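Report on the following structure.
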Amino acid sequence: MTTNRPTLGVPEVAAFLGVRKAWVYDNWREQQIPFRKVGQGLRCRPADLERWFDEQEAA
């Protein structure tokens, strides 16, 4: 089954978080940003990013 749900790359995630792309690349594992490797790139579902972001505020 294929879906056409949009995903976010590093530039979109950086813009959402208000940080530089370099910060995202340097910190995505440590901060547990919900990326998945797709080929050589990182992709994230918007809903997963929003859930992660909300969890950061609660911590």
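The values are calculated or read from the model by the stated rules, or taken from the named source; none is laboratory data. Computed from a predicted structure; not experimentally measured. When we count neighbours, we look across all protein chains shown, and the Cβ atoms used for this are built from the backbone with ideal geometry, even at glycine.
Do you know which of the residues in the range 39-52 that are without any contact (Cβ under 8 Å) to a residue 24 or more places away in the chain and of a type outside the set (Asp, Glu) is nearest to Ala14 (Cα to Cα)? Can you show your working first?
The initial filter retains those residues of the range 39-52 that are without any contact (Cβ under 8 Å) to a residue 24 or more places away in the chain, namely 39-40, 47-48, 50-52.
Next cut, of a type outside the set (Asp, Glu) only: 39-40, 47, 51-52.
On the way: Gly39: 20, Gln40: 18, Ala47: 15, Arg51: 16, Trp52: 14 Å.
So, considering only residues that are without any contact (Cβ under 8 Å) to a residue 24 or more places away in the chain and of a type outside the set (Asp, Glu), the one nearest to Ala14 (Cα to Cα) is Trp52.
Inside the range 27-59, can you point out the residues that are more than 17 Å from Thr7 (Cβ to Cβ) and not polar (S, T, N, Q)?
Residues satisfying the conditions are Arg29, Glu30, Asp54, Glu55, Glu57, Ala58, Ala59.
Which fully enclosed helices (runs of 4 or more DSSP H) of the chain have 1 or more residues being at pLDDT below 95 and surrounded by 10 or more Cβ atoms within 10 Å (Cβ to Cβ)? I'd like the intermediate steps shown before the answer.
On the way: elements: 10-17, 21-27, 46-58.
Ranges flagged: 46-58.
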